[in-house]
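Trainee: Sharing a structure here in structure tokens format.
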Amino acid sequence: MRYRNYSLSIFLLIIASCTSNKYATTNKVYKKQVKAFAKEIRKYPLEGNRSTWVGTTNFGLRKPDFVIIHHTAQNSCDQTLRTFTLPRTQVSAHYVICKDGTVHHILNDYLRAWHAGNSSWGNDKDINSSSIGIELDNNGFEPFPAAQINSLLTLLDTLKSKYHIPTANFIGHADIAPTRKNDPNVNFPWQLLSQNGYGLWYNDTTMTIVPPDFNALQALRIIGYSIKDPSATIKAFKRHFEMENNSDTLNESDKKILYDLMEKYQ
């Protein structure tokens, strides 16, 4: 009987190990790829004559300067994690935050994820190389649960402190790619993030006077938006700062908000 119980315990342990290590195979792929990168970094020089090599003493790892927030546009964390562990998808991020607040760190912060795609902010045309990508489990239409936002705020506090990321550099995927993306969706609490130090927000604009020669497109450009497609950019701006989803025109109230923000970003 003891032997039978012992065998059953071993069997259950094996089953538990298998179920708790769902991504064992992709974890091995990750480690293999990191080793390959480390091997490449150790090479000196990469090309040319080693006798002329002079190694500088002044260098460091890639430092992220932006945080880009996304919604997954999928139906569960498991679905998103699977997407990010399939080579054919060619997409990734640094973090995935589930609705219950669970945070999955899936790529070292110093490595370049594939989350921003063809995008820009200000003069930066390669956002993947300068940013950390955070995906929030959300199908694109839902509100964001409190547990999820609380975990996000905790993570943002860590990232801002660790990498000295400027307050203005916490932005959304739609901000950097207004013609292609609309995430995080219109329900995302940007004002709450700003109140905690992540992203800029406007003041009360009741008494704001917009100059007659105010150039709205130039103001959007100063904030950081690409203005190649003004209609898409205005939609992205209003989604972020006014929680409005479809309008591509600026009324006087919008211009007051834009003018106030431009003053902050300059």
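Trainee: Might you check whether a residue that is at pLDDT 95 or above, β-branched (Val, Ile, Thr) and outside any helix (DSSP H, G or I) occurs anywhere in segment 128-137?
Mentor: yes
Table: residues versus (1) touching a Phe, Trp or Tyr at 6+ places or on another chain (Cβ under 7 Å); (2) in a helix (DSSP H, G or I).
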residue	(1), (2)
179	no, no
188	yes, no
206	no, no
218	no, yes
235	no, yes
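Trainee: Could you check residue 101 against (1) outside any loop (DSSP other than H, G, I, E, B); (2) more than 20 Å from residue 173 (Cα to Cα) and say which number it fails?
Mentor: (1)
Trainee: Something else: Among the listed residues 179, 206, 233, which satisfies the condition of being on the phi < 0 side of the Ramachandran plot and in the same structural domain as residue 97 (by TED's automatic domain parsing)?
Mentor: Of the residues listed, the single one that is on the phi < 0 side of the Ramachandran plot and in the same structural domain as residue 97 (by TED's automatic domain parsing) is 179.
Conditions tested, residue by residue: (1) over 19 Å from residue 110 (Cα atoms); (2) at pLDDT 85 or above; (3) not β-branched (Val, Ile, Thr).
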residue: 1; (1), (2), (3): yes, no, yes
residue: 11; (1), (2), (3): yes, no, yes
residue: 23; (1), (2), (3): yes, yes, yes
residue: 31; (1), (2), (3): no, yes, yes
residue: 34; (1), (2), (3): no, yes, no
residue: 44; (1), (2), (3): yes, no, yes
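Trainee: Only residues that are in contact with a Ser or Thr (Cβ under 6 Å, 6 or more places away or on another chain) and without any contact (Cβ under 8 Å) to a residue 12 or more places away in the chain: list them for segment 197-229, please.
Mentor: Listed by number, the list holds a single entry, 227.
Trainee: Something else about it: For segment 57-78: of the residues being among the hydrophobic types (A, V, I, L, M, F, W, C) and at pLDDT below 90, which is farthest from residue 163 (Cα to Cα)?
Mentor: Result: 59.
Residue-by-condition table, conditions (1) in contact with a Phe, Trp or Tyr (Cβ under 8 Å, 6 or more places away or on another chain); (2) outside the structural domain of residue 158 (by TED's automatic domain parsing); (3) not basic (Lys, Arg):
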{"residue": "24", "(1), (2), (3)": "no, yes, yes"}
{"residue": "37", "(1), (2), (3)": "no, yes, yes"}
{"residue": "40", "(1), (2), (3)": "no, yes, yes"}
{"residue": "51", "(1), (2), (3)": "no, yes, yes"}
{"residue": "71", "(1), (2), (3)": "yes, no, yes"}
{"residue": "78", "(1), (2), (3)": "no, no, yes"}
{"residue": "100", "(1), (2), (3)": "no, no, yes"}
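Trainee: Please verify whether residue 170 is under 30 Å from residue 218 (Cβ atoms) and in contact with a Leu (Cβ under 8 Å, 6 or more places away or on another chain), treating the condition exactly as stated.
Mentor: Considered against the rule, which asks whether it is under 30 Å from residue 218 (Cβ atoms) and in contact with a Leu (Cβ under 8 Å, 6 or more places away or on another chain), residue 170 comes out as yes.
The values are calculated or read from the model by the stated rules, or taken from the named source; none is laboratory data. Model, not experiment: these values are computed from the prediction. Cβ sites come from the backbone with ideal geometry, for glycine too, and all protein chains shown count toward neighbours.
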